[in-house]
Number of protein chains: 2
Amino acid sequence: MIRMAEPTLAEHIANELRRDILRGKLAPGESIKERDNAAEMGVSRTPMREAIRILAKEGLIQLRPSRSPIVARPNFKNVEDHAQVLIALEKLSAELAVKNASDEDISHIAGIVDHMSEHFDTSDPLDMFEIDMSFHTAIADASKNKALAETHRTFLQRLWRARYLAASQRRNRQRVVNEHTLILNALRGRDAKAARAAIDNHLWHLAEDIREVIEKESAANNSAGTPTGDPQ
Amino acid sequence: MIRMAEPTLAEHIANELRRDILRGKLAPGESIKERDNAAEMGVSRTPMREAIRILAKEGLIQLRPSRSPIVARPNFKNVEDHAQVLIALEKLSAELAVKNASDEDISHIAGIVDHMSEHFDTSDPLDMFEIDMSFHTAIADASKNKALAETHRTFLQRLWRARYLAASQRRNRQRVVNEHTLILNALRGRDAKAARAAIDNHLWHLAEDIREVIEKESAANNSAGTPTGDPQ
DNA sequence: GTCTGAAATTTGGTATACCAAAACAGGTTG
DNA sequence: CAACCTGTTTTGGTATACCAAATTTCAGAC
């Protein structure tokens, strides 16, 4: 038996697959064969099946009846739907964080903004992006609402690749840091209205970036037929 | 192999357990022994394990390391957290439904309100409650945002028992129908502001009812020690 | 070259066995 | 009486086998 804190084999596999998907090593549309992948990793079908289930719940893998599951190909509507919900969750996070965040929480969030400013030019884009994510996650945690933090995390994860692609393309880090600073200031000032407005502004830009990148990918997919190849 | 539309054995088991939990047949704190329950139902551990996983994800069952899972005992904070998120999701639902609902959608929602009015006194409380739930679900569906509808459904499910208990105790059906009608009128008028206000009002009452019932259950649990008995 | 039917392959789901770790219970000792 | 130790029981996780259904492939006929 394994302790709760120690991840199971299935969780390990899920993490590895998730990383491959989010980094693009496993492309949208690519099939994930339960038996083949299990053999490749030297594990049995049971944890592999469990891992695939975990990622299917997260929206990263799409189960198909009687066919191998495939890496989900986020369409525009799907991404937009998730972005809309994420914005509502982030607003609620900010609102509750204004009320409930401790001074330590706010210091922690400020530390993330500082870190982003300081390492603006020297960091790998992926590292910077992870820090960006941690900013948003810290606010959700500071809301002191676990159900919200968990659901927020789920949506962040589902939108991870779209957001990552958007962040990679635009190189608008200064704007991101500026907008994060606005949010932080609203939290510090315990100003719910300002926090919501700053979140709205920040995520409106995000939605724009995501829309562009998804349109690009759709165009690329259409002109190339099926660049990732049909599954199977 | 089973078709997608046809539920698996695991899904059947999950549905049965869910029903037992939500109806109180399986009380909060009661343990669910994988092997025993599987034997009782004449199935193997695999679908039972899968079913427990499903319900754990829904928050109805609480997994414990090296111990039998137990029926989740919702504490006050937990329920309140979920209610807060649900309110945000419902507001977003109403807002998007105002924009995106088809006339058919609105007719469907109106039909539910009519049905509730007509069968106000003659229906079993549980039936009336299910119809109440379908009202909210129909709005989420009318938002045309699948991610929102799915997450909304998840939160509705997690709060089901608390809401059901609240609904059973208060017998405030007339008020519920009135508030539903306000929401429906706001949807019909395509008035997002009115819809949000009506949702706020409706769910504020809900939160009040839930708070009362959870407090009652907490008091009952404290005075009786562990009325449901320790698991194992 | 196309179509159809049969065979082969792939697949998800389930049953069962095994293992190691954690928890529990009972007895002994101080 | 409390603490500790040991043996037993319970438990979750994983490996493997099997089955039935769906899909794919191949061969033969037209």
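The values are calculated or read from the model by the stated rules, or taken from the named source; none is laboratory data. Keep in mind it's a predicted model, so treat the numbers as computed, not measured. When we count neighbours, we look across all protein chains shown, and the Cβ atoms used for this are built from the backbone with ideal geometry, even at glycine. We work out accessible area using only protein heavy atoms, side chains counted, and drop any ligands, DNA or RNA first. Shrake-Rupley method; radii C 1.70, N 1.55, O 1.52, S 1.80 Å.
A few notes on this one:
- Residues located in the range B:84-107, provided they are in contact with a helix residue (DSSP H, G or I) (Cβ under 6 Å, 6 or more places away or on another chain) and either open to solvent by 40 Å² or more (accessible area, probe 1.4 Å) or within 11 Å of chain A (Cβ to nearest Cβ) (or both): B:V85, B:L86, B:I87, B:A88, B:L89, B:E90, B:K91, B:L92, B:S93, B:E95
- Restricting attention to the range A:28-41, the residues that are over 21 Å from B:T46 (Cα atoms) and more than 10 Å from DNA strand C (Cβ to nearest atom) add up to 5.
- Count of residues meeting criterion [open to solvent by 40 Å² or more (accessible area, probe 1.4 Å) and within 13 Å of chain B (Cβ to nearest Cβ)] in the range A:1-33: 9
- Pairs, first among the hydrophobic types (A, V, I, L, M, F, W, C) in the range B:193-215, second surrounded by 18 or more Cβ atoms within 10 Å (Cβ to Cβ) and not in a helix (DSSP H, G or I), C-beta under 8 Å, six or more apart: B:I210/B:L159; B:I214/B:P74
- Among the numbered conditions (1) within 12 Å of chain A (Cβ to nearest Cβ); (2) within 12 Å of DNA strand D (Cβ to nearest atom); (3) crowded, with 16+ Cβ neighbours inside 10 Å, the only one that B:I54 does not meet is (2).
- Contacts under 7 angstrom Cβ, first residue in the range A:20-40 being over 12 Å from A:P69 (Cα atoms), partner open to solvent by 30 Å² or more (accessible area, probe 1.4 Å) and among the small types (G, A, S), 6 or more apart: A:A38/A:S44
- For the range A:57-83, filtering for residues that are open to solvent by less than 60 Å² (accessible area, probe 1.4 Å) and away from DNA strand D (no atom under 16 Å from the Cβ) leaves 11.
- Among residues of the range B:100-129, those that are among the β-branched types (V, I, T) and more than 19 Å from B:D141 (Cβ to Cβ), counted: 1
- Candidates A:A149, A:A140 - the one that is out of contact with any His (no Cβ under 8 Å at 6 or more places or on another chain) and among the hydrophobic types (A, V, I, L, M, F, W, C): A:A149
- Filtered residue count, the range A:54-70, keeping only those that are at pLDDT 90 or above, more than 10 Å from DNA strand C (Cβ to nearest atom) and in a helix (DSSP H, G or I): 2
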